[in-house]
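Enquirer: Can you keep this structure in mind? I'll have questions shortly.
The values are calculated or read from the model by the stated rules, or taken from the named source; none is laboratory data. None of these values were measured; they are calculated from a predicted model. Quick note on the areas: whole protein, heavy atoms, side chains included, nothing else; ligands and nucleic acids left out. Shrake-Rupley method; radii C 1.70, N 1.55, O 1.52, S 1.80 Å.
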Amino acid sequence: MRDFSLPGRSPVYATQAAVATSHHLASQTALEVLKSGGNAVDAAIAAVALLGLLEPQMTGVGGDCFALYLPAGASQPIALNGSGRAPQAAHADWYHQRGIDRIDPYSAHSVTMPGAVAAWCRLLEDHGTRGIGELLQPAIRYAEQGVPVAPRVAFDWARDAHLIKDPVSAELFLDQGRAPTAGTVHRQPRMADTLRAIASQGAKGFYEGWVAQDMVDTLRGLGGLHTLEDFATTQPCDVTPIRTCYRGHDVYECPPNGQGLGVLMMLNVLSGFDLSEHAGMAEADRIHLLAEVSKLAYAHRDALFADTDHAHVPVEHLLSEAWARRQRKAIRLDACHTPSIWPGPWPEAAEHKDTVYLCVVDRDGNAISLINSIFHPFGSTLTAPKSGVLLQNRGAGFSLQADHPNLIAPGKRPLHTIIPGLLMKDGQLAAPFGVMGGQYQASGHVALLSNLLDRGMNPQAALDAPRSFSFGGELDLESGYAPSVDAEMALRGHRVVRLKQPIGGGQLIWRDKAKGVLVAGSDPRKDGCALGY
(Lines give C-alpha, C1' and ligand atoms only; values in the text may rest on other atoms or scores of the structure.)
Protein backbone atom coordinates (compact mmCIF):
# COMPACT_ATOMS: atom_id res chain seq x y z
CA MET A 1 0.00 0.00 0.00
CA ARG A 2 1.30 3.46 -0.85
CA ASP A 3 2.18 5.95 1.85
CA PHE A 4 -0.84 8.28 2.05
CA SER A 5 1.36 10.95 3.64
CA LEU A 6 2.96 11.40 0.21
CA PRO A 7 1.28 13.07 -2.76
CA GLY A 8 -0.45 10.70 -5.14
CA ARG A 9 -3.80 9.52 -6.38
CA SER A 10 -5.93 6.63 -5.22
CA PRO A 11 -7.23 4.24 -7.87
CA VAL A 12 -10.93 4.55 -8.70
CA TYR A 13 -13.08 1.54 -7.80
CA ALA A 14 -16.43 0.97 -9.51
CA THR A 15 -18.92 -1.88 -9.75
CA GLN A 16 -20.74 -0.96 -12.96
CA ALA A 17 -18.58 1.04 -15.36
CA ALA A 18 -15.42 3.12 -15.53
CA VAL A 19 -13.74 5.66 -17.82
CA ALA A 20 -10.26 7.14 -17.92
CA THR A 21 -9.17 10.06 -20.13
CA SER A 22 -6.56 12.82 -20.09
CA HIS A 23 -9.05 15.60 -19.23
CA HIS A 24 -11.68 15.70 -16.51
CA LEU A 25 -14.39 17.11 -18.80
CA ALA A 26 -13.89 14.26 -21.27
CA SER A 27 -14.10 11.72 -18.44
CA GLN A 28 -17.24 13.41 -17.12
CA THR A 29 -18.82 13.41 -20.58
CA ALA A 30 -18.04 9.72 -21.11
CA LEU A 31 -19.52 8.82 -17.73
CA GLU A 32 -22.69 10.78 -18.48
CA VAL A 33 -23.13 8.83 -21.71
CA LEU A 34 -22.75 5.56 -19.81
CA LYS A 35 -25.19 6.60 -17.08
CA SER A 36 -27.77 7.55 -19.69
CA GLY A 37 -27.67 4.05 -21.19
CA GLY A 38 -24.92 4.36 -23.80
CA ASN A 39 -22.25 1.72 -24.17
CA ALA A 40 -18.44 1.88 -24.11
CA VAL A 41 -18.13 2.85 -27.78
CA ASP A 42 -20.69 5.64 -27.43
CA ALA A 43 -18.87 7.03 -24.41
CA ALA A 44 -15.46 6.82 -26.07
CA ILE A 45 -16.57 8.71 -29.19
CA ALA A 46 -18.22 11.49 -27.18
CA ALA A 47 -15.04 11.84 -25.12
CA VAL A 48 -12.51 11.75 -27.95
CA ALA A 49 -14.47 14.30 -29.99
CA LEU A 50 -14.45 16.64 -27.00
CA LEU A 51 -10.72 16.12 -26.43
CA GLY A 52 -10.11 17.80 -29.78
CA LEU A 53 -11.42 21.00 -28.20
CA LEU A 54 -9.80 20.46 -24.81
CA GLU A 55 -6.34 19.51 -26.12
CA PRO A 56 -6.19 20.95 -29.65
CA GLN A 57 -2.41 20.71 -29.82
CA MET A 58 -2.72 16.94 -29.35
CA THR A 59 -5.72 15.70 -31.28
CA GLY A 60 -8.81 16.52 -33.30
CA VAL A 61 -10.87 15.69 -36.36
CA GLY A 62 -7.82 16.43 -38.51
CA GLY A 63 -5.96 13.43 -37.10
CA ASP A 64 -5.95 9.62 -37.02
CA CYS A 65 -7.42 6.99 -34.71
CA PHE A 66 -6.80 3.36 -33.74
CA ALA A 67 -9.01 1.23 -31.50
CA LEU A 68 -9.25 -2.18 -29.88
CA TYR A 69 -12.81 -3.12 -28.92
CA LEU A 70 -13.75 -6.18 -26.88
CA PRO A 71 -17.48 -6.96 -26.87
CA ALA A 72 -18.65 -8.62 -23.68
CA GLY A 73 -18.02 -12.36 -23.88
CA ALA A 74 -15.76 -12.17 -26.96
CA SER A 75 -12.62 -14.31 -26.96
CA GLN A 76 -10.44 -11.64 -28.59
CA PRO A 77 -10.73 -7.93 -29.39
CA ILE A 78 -11.71 -6.33 -32.69
CA ALA A 79 -9.05 -3.99 -34.10
CA LEU A 80 -9.75 -0.92 -36.22
CA ASN A 81 -7.08 0.96 -38.13
CA GLY A 82 -8.22 4.54 -38.68
CA SER A 83 -4.96 5.90 -40.04
CA GLY A 84 -5.11 8.01 -43.18
CA ARG A 85 -3.41 7.41 -46.52
CA ALA A 86 -1.14 9.45 -48.74
CA PRO A 87 -2.76 11.18 -51.72
CA GLN A 88 -3.12 9.06 -54.85
CA ALA A 89 -0.69 11.38 -56.62
CA ALA A 90 2.03 10.90 -53.99
CA HIS A 91 4.52 8.88 -56.02
CA ALA A 92 8.03 8.76 -54.57
CA ASP A 93 9.45 9.85 -57.94
CA TRP A 94 7.45 13.08 -57.74
CA TYR A 95 9.43 14.07 -54.63
CA HIS A 96 12.77 12.76 -55.91
CA GLN A 97 12.42 14.70 -59.17
CA ARG A 98 12.01 17.91 -57.18
CA GLY A 99 15.02 17.27 -54.99
CA ILE A 100 12.94 16.52 -51.91
CA ASP A 101 14.71 13.93 -49.75
CA ARG A 102 12.67 14.47 -46.59
CA ILE A 103 9.06 15.43 -46.08
CA ASP A 104 8.89 18.76 -44.27
CA PRO A 105 6.66 18.14 -41.22
CA TYR A 106 5.15 21.61 -41.56
CA SER A 107 4.35 21.45 -45.25
CA ALA A 108 1.22 20.33 -47.09
CA HIS A 109 3.13 17.21 -48.15
CA SER A 110 3.12 16.03 -44.54
CA VAL A 111 -0.69 15.88 -44.42
CA THR A 112 -2.22 12.45 -44.98
CA MET A 113 -5.99 12.01 -45.16
CA PRO A 114 -7.39 12.45 -41.63
CA GLY A 115 -8.79 9.06 -40.65
CA ALA A 116 -10.28 9.82 -37.24
CA VAL A 117 -13.83 10.84 -38.21
CA ALA A 118 -14.24 7.81 -40.48
CA ALA A 119 -13.05 5.57 -37.64
CA TRP A 120 -15.43 7.14 -35.12
CA CYS A 121 -18.38 6.67 -37.46
CA ARG A 122 -17.43 3.07 -38.26
CA LEU A 123 -17.11 2.19 -34.59
CA LEU A 124 -20.56 3.61 -33.89
CA GLU A 125 -22.15 1.93 -36.92
CA ASP A 126 -20.71 -1.47 -36.00
CA HIS A 127 -20.71 -1.40 -32.20
CA GLY A 128 -22.43 1.70 -30.81
CA THR A 129 -25.99 2.31 -29.65
CA ARG A 130 -26.15 6.09 -30.21
CA GLY A 131 -25.80 8.20 -33.34
CA ILE A 132 -22.87 10.47 -34.09
CA GLY A 133 -25.23 13.47 -34.06
CA GLU A 134 -26.15 12.94 -30.41
CA LEU A 135 -22.63 12.13 -29.26
CA LEU A 136 -21.05 15.22 -30.80
CA GLN A 137 -23.35 17.60 -28.92
CA PRO A 138 -21.02 18.10 -25.92
CA ALA A 139 -18.12 18.93 -28.25
CA ILE A 140 -20.29 21.33 -30.26
CA ARG A 141 -21.45 23.05 -27.08
CA TYR A 142 -17.91 23.49 -25.73
CA ALA A 143 -16.61 24.65 -29.12
CA GLU A 144 -19.18 27.47 -29.09
CA GLN A 145 -19.21 28.37 -25.41
CA GLY A 146 -15.54 27.76 -24.75
CA VAL A 147 -13.65 25.78 -22.16
CA PRO A 148 -11.02 26.87 -19.61
CA VAL A 149 -7.55 25.75 -20.65
CA ALA A 150 -6.24 23.16 -18.18
CA PRO A 151 -2.80 23.57 -16.55
CA ARG A 152 -0.87 20.80 -18.37
CA VAL A 153 -2.53 21.75 -21.67
CA ALA A 154 -1.46 25.36 -21.08
CA PHE A 155 2.12 24.21 -20.41
CA ASP A 156 2.25 22.23 -23.65
CA TRP A 157 0.56 25.01 -25.60
CA ALA A 158 3.10 27.58 -24.43
CA ARG A 159 6.04 25.25 -25.06
CA ASP A 160 4.98 24.66 -28.68
CA ALA A 161 3.36 27.99 -29.63
CA HIS A 162 6.49 29.05 -31.52
CA LEU A 163 5.75 26.35 -34.12
CA ILE A 164 2.63 28.17 -35.32
CA LYS A 165 3.48 30.29 -38.37
CA ASP A 166 0.29 29.76 -40.41
CA PRO A 167 -1.84 32.95 -40.05
CA VAL A 168 -5.11 31.02 -39.76
CA SER A 169 -3.70 28.79 -37.02
CA ALA A 170 -2.27 31.83 -35.24
CA GLU A 171 -5.68 33.52 -35.32
CA LEU A 172 -7.43 30.47 -33.89
CA PHE A 173 -4.88 29.18 -31.38
CA LEU A 174 -2.89 32.20 -30.22
CA ASP A 175 -3.81 35.48 -28.55
CA GLN A 176 -1.64 38.24 -30.02
CA GLY A 177 1.06 35.66 -30.67
CA ARG A 178 0.90 34.07 -27.23
CA ALA A 179 -0.52 30.80 -26.00
CA PRO A 180 -3.53 31.03 -23.67
CA THR A 181 -2.68 30.63 -20.00
CA ALA A 182 -4.33 28.18 -17.61
CA GLY A 183 -7.92 29.16 -16.98
CA THR A 184 -8.31 31.17 -20.19
CA VAL A 185 -11.59 30.30 -21.91
CA HIS A 186 -10.80 29.02 -25.41
CA ARG A 187 -13.47 28.87 -28.12
CA GLN A 188 -13.53 27.30 -31.59
CA PRO A 189 -16.75 28.45 -33.33
CA ARG A 190 -15.57 27.33 -36.77
CA MET A 191 -15.01 23.84 -35.43
CA ALA A 192 -18.53 23.91 -34.02
CA ASP A 193 -19.83 24.33 -37.59
CA THR A 194 -17.66 21.45 -38.80
CA LEU A 195 -18.87 19.21 -36.00
CA ARG A 196 -22.46 20.11 -36.90
CA ALA A 197 -21.81 18.98 -40.46
CA ILE A 198 -20.54 15.64 -39.17
CA ALA A 199 -23.42 15.39 -36.70
CA SER A 200 -26.01 15.83 -39.45
CA GLN A 201 -24.33 13.91 -42.29
CA GLY A 202 -21.96 11.48 -40.61
CA ALA A 203 -18.58 10.89 -42.23
CA LYS A 204 -19.81 12.46 -45.48
CA GLY A 205 -20.14 15.76 -43.66
CA PHE A 206 -16.38 15.74 -43.24
CA TYR A 207 -15.01 13.91 -46.28
CA GLU A 208 -17.36 15.50 -48.82
CA GLY A 209 -19.01 18.89 -49.19
CA TRP A 210 -17.77 22.23 -47.94
CA VAL A 211 -15.50 20.87 -45.18
CA ALA A 212 -13.57 18.63 -47.58
CA GLN A 213 -13.44 21.42 -50.17
CA ASP A 214 -11.97 23.76 -47.56
CA MET A 215 -9.25 21.26 -46.64
CA VAL A 216 -8.39 20.47 -50.27
CA ASP A 217 -8.28 24.15 -51.25
CA THR A 218 -5.96 24.87 -48.33
CA LEU A 219 -3.59 22.01 -49.09
CA ARG A 220 -3.48 22.51 -52.87
CA GLY A 221 -2.89 26.22 -52.32
CA LEU A 222 0.24 25.22 -50.42
CA GLY A 223 1.47 22.80 -53.09
CA GLY A 224 -0.20 19.63 -51.84
CA LEU A 225 -1.27 16.76 -54.09
CA HIS A 226 -4.61 16.16 -52.32
CA THR A 227 -7.92 15.82 -54.19
CA LEU A 228 -11.56 15.65 -53.21
CA GLU A 229 -11.55 12.02 -54.29
CA ASP A 230 -8.71 11.27 -51.85
CA PHE A 231 -10.91 12.56 -49.03
CA ALA A 232 -14.14 10.97 -50.28
CA THR A 233 -12.59 7.49 -50.44
CA THR A 234 -11.12 7.59 -46.92
CA GLN A 235 -12.21 4.52 -44.96
CA PRO A 236 -10.92 2.74 -41.83
CA CYS A 237 -9.88 -0.91 -42.01
CA ASP A 238 -10.86 -3.81 -39.80
CA VAL A 239 -7.60 -5.64 -39.03
CA THR A 240 -6.67 -8.76 -37.08
CA PRO A 241 -5.00 -7.89 -33.79
CA ILE A 242 -1.63 -9.41 -32.94
CA ARG A 243 -0.83 -10.92 -29.55
CA THR A 244 1.68 -12.51 -27.26
CA CYS A 245 1.49 -14.09 -23.82
CA TYR A 246 3.22 -12.37 -20.89
CA ARG A 247 3.03 -13.64 -17.32
CA GLY A 248 -0.08 -15.68 -18.10
CA HIS A 249 -1.91 -12.80 -19.79
CA ASP A 250 -2.66 -12.27 -23.48
CA VAL A 251 -1.46 -8.86 -24.65
CA TYR A 252 -3.18 -7.53 -27.80
CA GLU A 253 -1.97 -4.76 -30.09
CA CYS A 254 -2.91 -3.49 -33.56
CA PRO A 255 -0.69 -4.85 -36.35
CA PRO A 256 1.60 -2.74 -38.58
CA ASN A 257 1.49 -0.05 -39.92
CA GLY A 258 1.41 0.64 -36.16
CA GLN A 259 4.28 -0.03 -33.78
CA GLY A 260 2.34 -2.32 -31.43
CA LEU A 261 4.41 -5.20 -32.80
CA GLY A 262 7.39 -3.67 -31.02
CA VAL A 263 5.59 -3.93 -27.67
CA LEU A 264 5.07 -7.66 -28.15
CA MET A 265 8.68 -8.15 -29.25
CA MET A 266 9.95 -6.45 -26.08
CA LEU A 267 7.65 -8.48 -23.85
CA ASN A 268 8.81 -11.71 -25.45
CA VAL A 269 12.42 -10.84 -24.65
CA LEU A 270 11.62 -9.76 -21.09
CA SER A 271 9.64 -12.94 -20.43
CA GLY A 272 12.99 -14.73 -19.98
CA PHE A 273 13.92 -12.53 -17.01
CA ASP A 274 12.48 -12.67 -13.49
CA LEU A 275 11.26 -9.14 -12.84
CA SER A 276 9.03 -9.94 -9.87
CA GLU A 277 9.49 -8.07 -6.62
CA HIS A 278 10.65 -11.20 -4.76
CA ALA A 279 13.47 -11.67 -7.28
CA GLY A 280 15.20 -8.68 -5.70
CA MET A 281 16.19 -7.01 -8.98
CA ALA A 282 17.72 -3.59 -8.41
CA GLU A 283 15.99 -0.54 -9.87
CA ALA A 284 19.04 0.16 -12.03
CA ASP A 285 18.80 -3.36 -13.50
CA ARG A 286 15.15 -2.80 -14.40
CA ILE A 287 15.92 0.52 -16.07
CA HIS A 288 18.82 -1.05 -17.98
CA LEU A 289 16.78 -4.03 -19.19
CA LEU A 290 13.96 -1.80 -20.45
CA ALA A 291 16.51 0.39 -22.20
CA GLU A 292 18.13 -2.57 -23.93
CA VAL A 293 14.92 -4.19 -25.15
CA SER A 294 13.61 -0.79 -26.27
CA LYS A 295 16.71 -0.15 -28.39
CA LEU A 296 16.44 -3.49 -30.16
CA ALA A 297 12.69 -3.23 -30.81
CA TYR A 298 12.89 0.37 -32.08
CA ALA A 299 15.79 -0.50 -34.38
CA HIS A 300 13.71 -3.25 -35.97
CA ARG A 301 10.68 -0.96 -36.09
CA ASP A 302 12.52 1.73 -38.01
CA ALA A 303 13.97 -0.81 -40.44
CA LEU A 304 10.98 -3.06 -41.04
CA PHE A 305 7.58 -1.75 -39.96
CA ALA A 306 5.29 -0.37 -42.66
CA ASP A 307 1.83 -0.59 -44.23
CA THR A 308 1.37 -4.30 -44.89
CA ASP A 309 -0.80 -3.54 -47.93
CA HIS A 310 2.38 -2.23 -49.58
CA ALA A 311 5.29 -4.02 -47.90
CA HIS A 312 6.12 -7.34 -46.26
CA VAL A 313 6.62 -7.12 -42.49
CA PRO A 314 7.96 -10.39 -40.97
CA VAL A 315 5.49 -10.39 -38.07
CA GLU A 316 5.63 -14.13 -37.42
CA HIS A 317 9.43 -14.15 -37.32
CA LEU A 318 9.64 -11.12 -35.03
CA LEU A 319 7.18 -12.71 -32.60
CA SER A 320 8.94 -16.08 -32.60
CA GLU A 321 10.68 -17.51 -29.56
CA ALA A 322 13.78 -18.02 -31.69
CA TRP A 323 14.01 -14.26 -32.34
CA ALA A 324 13.38 -13.41 -28.67
CA ARG A 325 15.94 -15.96 -27.48
CA ARG A 326 18.63 -14.62 -29.81
CA GLN A 327 18.04 -11.04 -28.63
CA ARG A 328 17.92 -12.11 -24.98
CA LYS A 329 21.36 -13.71 -25.25
CA ALA A 330 22.83 -10.45 -26.53
CA ILE A 331 21.73 -8.49 -23.45
CA ARG A 332 24.18 -7.96 -20.60
CA LEU A 333 23.13 -6.52 -17.27
CA ASP A 334 26.47 -4.76 -16.83
CA ALA A 335 26.80 -3.03 -20.19
CA CYS A 336 24.92 -1.52 -23.13
CA HIS A 337 24.84 -3.27 -26.48
CA THR A 338 24.13 -2.17 -30.04
CA PRO A 339 21.15 -4.13 -31.36
CA SER A 340 21.50 -6.11 -34.56
CA ILE A 341 18.79 -5.58 -37.16
CA TRP A 342 17.40 -8.41 -39.23
CA PRO A 343 17.72 -7.77 -42.12
CA GLY A 344 19.02 -4.72 -43.89
CA PRO A 345 19.81 -1.04 -43.50
CA TRP A 346 19.43 1.46 -40.70
CA PRO A 347 16.87 3.96 -42.05
CA GLU A 348 15.59 7.31 -40.99
CA ALA A 349 13.95 7.15 -37.56
CA ALA A 350 10.20 7.53 -37.29
CA GLU A 351 8.87 10.40 -35.20
CA HIS A 352 5.90 10.95 -32.98
CA LYS A 353 4.86 13.77 -30.73
CA ASP A 354 1.32 14.31 -29.45
CA THR A 355 -1.63 12.06 -28.71
CA VAL A 356 -4.65 11.46 -26.49
CA TYR A 357 -5.57 8.02 -25.18
CA LEU A 358 -8.73 6.91 -23.38
CA CYS A 359 -10.42 3.70 -22.28
CA VAL A 360 -13.93 2.72 -21.19
CA VAL A 361 -15.55 -0.38 -19.69
CA ASP A 362 -19.35 -0.31 -19.55
CA ARG A 363 -21.93 -2.00 -17.32
CA ASP A 364 -22.29 -4.96 -19.73
CA GLY A 365 -18.56 -5.64 -19.81
CA ASN A 366 -17.82 -4.14 -23.24
CA ALA A 367 -14.39 -2.50 -23.29
CA ILE A 368 -12.68 -0.09 -25.67
CA SER A 369 -9.09 1.11 -25.89
CA LEU A 370 -8.85 4.14 -28.20
CA ILE A 371 -6.12 6.54 -29.26
CA ASN A 372 -6.29 9.68 -31.43
CA SER A 373 -3.53 12.00 -32.65
CA ILE A 374 -2.49 14.80 -35.01
CA PHE A 375 1.21 13.73 -34.70
CA HIS A 376 3.52 16.68 -33.91
CA PRO A 377 2.38 19.48 -31.56
CA PHE A 378 -0.38 21.24 -33.53
CA GLY A 379 0.17 18.67 -36.30
CA SER A 380 1.26 20.32 -39.54
CA THR A 381 0.31 23.68 -37.92
CA LEU A 382 -1.87 24.23 -41.03
CA THR A 383 -5.54 25.03 -40.48
CA ALA A 384 -8.28 25.10 -43.12
CA PRO A 385 -9.79 28.60 -42.68
CA LYS A 386 -13.53 27.98 -43.02
CA SER A 387 -13.81 24.67 -41.17
CA GLY A 388 -11.17 25.35 -38.52
CA VAL A 389 -9.68 21.87 -39.07
CA LEU A 390 -6.10 21.68 -37.82
CA LEU A 391 -4.46 19.12 -40.10
CA GLN A 392 -2.17 16.35 -38.91
CA ASN A 393 1.32 15.81 -40.33
CA ARG A 394 1.47 12.04 -40.19
CA GLY A 395 3.00 11.96 -43.68
CA ALA A 396 6.25 13.17 -42.09
CA GLY A 397 6.56 9.59 -40.87
CA PHE A 398 7.11 8.33 -44.43
CA SER A 399 10.59 7.60 -45.74
CA LEU A 400 11.90 8.86 -49.07
CA GLN A 401 14.67 6.25 -49.05
CA ALA A 402 14.11 4.30 -52.27
CA ASP A 403 14.51 0.77 -50.87
CA HIS A 404 12.74 1.34 -47.56
CA PRO A 405 9.47 -0.47 -46.75
CA ASN A 406 8.05 2.80 -45.39
CA LEU A 407 8.69 4.64 -48.68
CA ILE A 408 5.81 6.96 -49.56
CA ALA A 409 3.39 5.69 -52.24
CA PRO A 410 -0.12 6.49 -53.49
CA GLY A 411 -2.76 5.43 -50.98
CA LYS A 412 -0.16 4.13 -48.53
CA ARG A 413 -0.32 4.55 -44.77
CA PRO A 414 2.86 5.71 -42.98
CA LEU A 415 4.51 3.96 -40.08
CA HIS A 416 2.37 4.87 -37.08
CA THR A 417 3.27 5.07 -33.44
CA ILE A 418 -0.12 5.56 -31.74
CA ILE A 419 -1.10 2.24 -30.21
CA PRO A 420 -4.05 1.17 -28.05
CA GLY A 421 -3.49 -1.93 -25.92
CA LEU A 422 -5.76 -4.55 -24.40
CA LEU A 423 -5.01 -7.27 -21.84
CA MET A 424 -6.91 -10.55 -21.39
CA LYS A 425 -6.66 -13.43 -18.94
CA ASP A 426 -8.15 -16.88 -19.57
CA GLY A 427 -10.16 -15.54 -22.49
CA GLN A 428 -11.71 -12.70 -20.49
CA LEU A 429 -11.08 -8.98 -20.18
CA ALA A 430 -8.29 -7.99 -17.84
CA ALA A 431 -7.66 -4.36 -18.88
CA PRO A 432 -7.80 -1.85 -21.70
CA PHE A 433 -4.65 0.28 -21.42
CA GLY A 434 -2.60 2.82 -23.28
CA VAL A 435 0.30 5.23 -22.95
CA MET A 436 0.90 8.61 -24.57
CA GLY A 437 4.22 10.33 -24.99
CA GLY A 438 5.94 10.54 -28.33
CA GLN A 439 8.43 7.84 -29.14
CA TYR A 440 7.87 6.50 -25.63
CA GLN A 441 4.58 4.75 -26.36
CA ALA A 442 5.84 1.24 -27.16
CA SER A 443 8.39 1.30 -24.36
CA GLY A 444 5.70 2.79 -22.11
CA HIS A 445 3.32 -0.09 -22.77
CA VAL A 446 6.03 -2.51 -21.65
CA ALA A 447 6.92 -0.54 -18.52
CA LEU A 448 3.25 -0.22 -17.54
CA LEU A 449 2.56 -3.94 -18.01
CA SER A 450 5.69 -4.88 -16.07
CA ASN A 451 4.58 -2.64 -13.19
CA LEU A 452 1.22 -4.42 -13.19
CA LEU A 453 2.17 -8.03 -13.86
CA ASP A 454 5.72 -8.28 -12.52
CA ARG A 455 5.58 -5.90 -9.58
CA GLY A 456 1.92 -6.25 -8.61
CA MET A 457 1.14 -2.53 -8.62
CA ASN A 458 -2.44 -1.31 -8.80
CA PRO A 459 -3.39 0.63 -11.95
CA GLN A 460 -2.82 4.06 -10.44
CA ALA A 461 0.51 3.15 -8.88
CA ALA A 462 1.63 1.56 -12.14
CA LEU A 463 0.93 4.85 -13.94
CA ASP A 464 2.44 6.99 -11.17
CA ALA A 465 5.77 5.12 -11.10
CA PRO A 466 8.83 7.03 -12.37
CA ARG A 467 9.71 6.51 -16.03
CA SER A 468 12.83 6.04 -18.09
CA PHE A 469 13.30 5.92 -21.84
CA SER A 470 16.28 5.06 -24.00
CA PHE A 471 16.09 6.65 -27.44
CA GLY A 472 18.40 8.51 -29.80
CA GLY A 473 21.52 7.60 -27.85
CA GLU A 474 20.25 9.01 -24.56
CA LEU A 475 18.67 7.50 -21.47
CA ASP A 476 16.05 9.90 -20.16
CA LEU A 477 15.14 9.66 -16.48
CA GLU A 478 12.29 11.34 -14.66
CA SER A 479 12.95 13.08 -11.36
CA GLY A 480 11.34 10.29 -9.36
CA TYR A 481 14.43 8.08 -9.50
CA ALA A 482 17.07 8.29 -6.76
CA PRO A 483 20.15 10.36 -7.72
CA SER A 484 22.35 7.28 -7.30
CA VAL A 485 20.74 5.71 -10.36
CA ASP A 486 22.51 8.13 -12.69
CA ALA A 487 25.98 6.90 -11.80
CA GLU A 488 24.92 3.25 -11.99
CA MET A 489 23.52 3.72 -15.49
CA ALA A 490 26.57 5.69 -16.64
CA LEU A 491 28.83 2.82 -15.57
CA ARG A 492 26.92 0.55 -17.96
CA GLY A 493 27.51 2.92 -20.85
CA HIS A 494 24.28 4.94 -20.87
CA ARG A 495 24.33 8.68 -21.55
CA VAL A 496 21.95 9.84 -18.82
CA VAL A 497 19.70 12.89 -19.14
CA ARG A 498 17.59 14.05 -16.21
CA LEU A 499 14.36 15.52 -17.56
CA LYS A 500 12.71 18.65 -16.23
CA GLN A 501 9.31 17.55 -17.49
CA PRO A 502 7.50 14.21 -17.21
CA ILE A 503 7.44 11.47 -19.83
CA GLY A 504 4.06 10.90 -21.45
CA GLY A 505 0.77 9.96 -19.85
CA GLY A 506 -1.57 6.99 -19.74
CA GLN A 507 -4.85 5.44 -18.68
CA LEU A 508 -5.85 1.95 -17.55
CA ILE A 509 -8.95 0.14 -16.28
CA TRP A 510 -8.31 -3.19 -14.53
CA ARG A 511 -11.07 -5.78 -14.16
CA ASP A 512 -10.72 -7.46 -10.77
CA LYS A 513 -12.67 -10.62 -11.43
CA ALA A 514 -12.32 -11.98 -7.90
CA LYS A 515 -13.81 -8.88 -6.26
CA GLY A 516 -16.22 -8.06 -9.05
CA VAL A 517 -15.00 -4.47 -9.46
CA LEU A 518 -13.26 -2.26 -11.96
CA VAL A 519 -10.08 -0.48 -10.83
CA ALA A 520 -9.19 2.57 -12.92
CA GLY A 521 -6.21 4.89 -13.07
CA SER A 522 -5.35 8.07 -14.95
CA ASP A 523 -1.87 9.54 -15.26
CA PRO A 524 -1.11 12.44 -12.91
CA ARG A 525 1.25 13.82 -15.58
CA LYS A 526 -1.85 15.02 -17.47
CA ASP A 527 -5.01 16.93 -16.54
CA GLY A 528 -7.31 13.92 -16.62
CA CYS A 529 -8.93 11.54 -14.20
CA ALA A 530 -10.61 8.19 -13.94
CA LEU A 531 -14.29 8.05 -12.98
CA GLY A 532 -16.75 5.25 -12.36
CA TYR A 533 -20.01 4.26 -10.78
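Enquirer: State in Å² the accessible area per residue of the chain; use a 1.4 Å probe, count heavy atoms of protein chains only, and round to the nearest integer. Present the calculation step by step, with values, prior to reporting the outcome.
Expert: Values: 19180 Å² over 533 residues.
Ligands and nucleic acids excluded, the result is 36 Å² per residue.
Enquirer: OK, next. Provide the solvent-accessible area of VAL251, counting protein heavy atoms only and rolling a 1.4 Å probe, rounded to the nearest 10 Å².
Expert: 0 Å²
Enquirer: Around VAL360, which amide H atoms from residues at least 5 apart in sequence, or from another chain, sit under 5 Å from its own amide H, with H modelled in the peptide plane?
Expert: The list, which skips near neighbours in sequence, is ILE368.
Enquirer: Next question, about the same structure. So what is the calculated 222 nm ellipticity per residue for the chain, using -39500 (n - 2.57) for each DSSP H run with n of 4 or more, over all residues, to the nearest 500 deg cm²/dmol?
Expert: Working: 19 runs with 184 residues, N = 533.
Calculated from helices alone, the mean residue ellipticity at 222 nm is -10000 deg cm²/dmol.
Enquirer: In addition: Kindly report, to the nearest 10 Å², the accessible surface of TRP94 as traced by a 1.4 Å probe over protein heavy atoms only.
Expert: The value for TRP94 is about 60 Å².
Enquirer: In addition: Translational diffusion coefficient of the stretch 81-126 at 20 °C, 1.002 mPa s, Stokes-Einstein with Kirkwood Rh over Cα pairs, in µm²/s as a whole number.
Expert: Estimated diffusion coefficient is 173 µm²/s.
Enquirer: I've got another one for you. Under a cut-off of 23 Å between alpha-carbon atoms, report the lysines in cross-link reach of LYS204, not counting same-chain residues fewer than 8 places apart.
Expert: List returned: LYS386, LYS412.
Enquirer: Just to be sure I understand, if you calculate Kirkwood radius over Cα pairs in Å for this structure, which of [x] 25.0; [y] 23.0; [z] 24.1 do you get?
Expert: The calculated read-out lines up with [y].
Enquirer: Relative to the compact-globule scaling 2.2 N^0.38 Å, provide the ratio for the alpha-carbon radius of gyration of the stretch 17-91. List each step's numbers first, then the result.
Expert: Details: Rg = 14.8 Å, N = 75, 2.2 N^0.38 = 11.3 Å.
Expressed relative to 2.2 N^0.38 Å, the Cα Rg reads 1.31.
Enquirer: Oh, and also: Sort CYS121, CYS529 from largest to smallest accessible area, using a 1.4 Å probe on the heavy atoms of the protein chains.
Expert: Numbers: CYS121 10, CYS529 35 Å².
So, going from the largest accessible area down, we get CYS529, CYS121.
Enquirer: For the stretch 247-294, what does the alpha-carbon gyration tensor say about shape, rounded, prolate or oblate, given a ≥ b ≥ c as the root eigenvalues, a/c under 1.5 as rounded, and a/b over b/c as prolate? Kindly include the intermediate steps, with their values, before the conclusion.
Expert: Working: a/c = 3.49, a/b = 1.77, b/c = 1.97.
Oblate, because a/c is 1.5 or more while a/b does not exceed b/c.
Enquirer: Where a ≥ b ≥ c are the square roots of the eigenvalues of the C-alpha gyration tensor, would you call the stretch 401-532 rounded, which needs a/c under 1.5, or, failing that, prolate if a/b is larger than b/c, or oblate?
Expert: Values: a/c = 2.06, a/b = 1.13, b/c = 1.82.
It comes out oblate by the Cα gyration axes.
Enquirer: Okay, moving on. Please list the three semi-axes, largest first and in whole Å, of the ellipsoid equivalent to the stretch 389-450, using sqrt of 5 times the eigenvalues of its alpha carbon gyration tensor. Mind showing how you got there, number by number?
Expert: Details: eigenvalues 180, 39, 31 Å².
Value: 30, 14, 13 Å, ordered largest first.
Enquirer: Let me make sure I get this right: for the stretch 59-192, a, b and c are the square roots of the gyration tensor eigenvalues over alpha carbons, sorted descending. Under 1.5 in a/c it's rounded, otherwise prolate if a/b > b/c, else oblate. Which is it? Please list the in-between numbers first.
Expert: Numbers: a/c = 2.17, a/b = 1.06, b/c = 2.04.
Oblate.
Enquirer: Given the pairs LYS165/LYS500; LYS35/LYS500; LYS329/LYS526, which span a C-alpha to C-alpha distance of over 30 angstrom in this model?
Expert: Pairs exceeding 30 Å: LYS35/LYS500; LYS329/LYS526.
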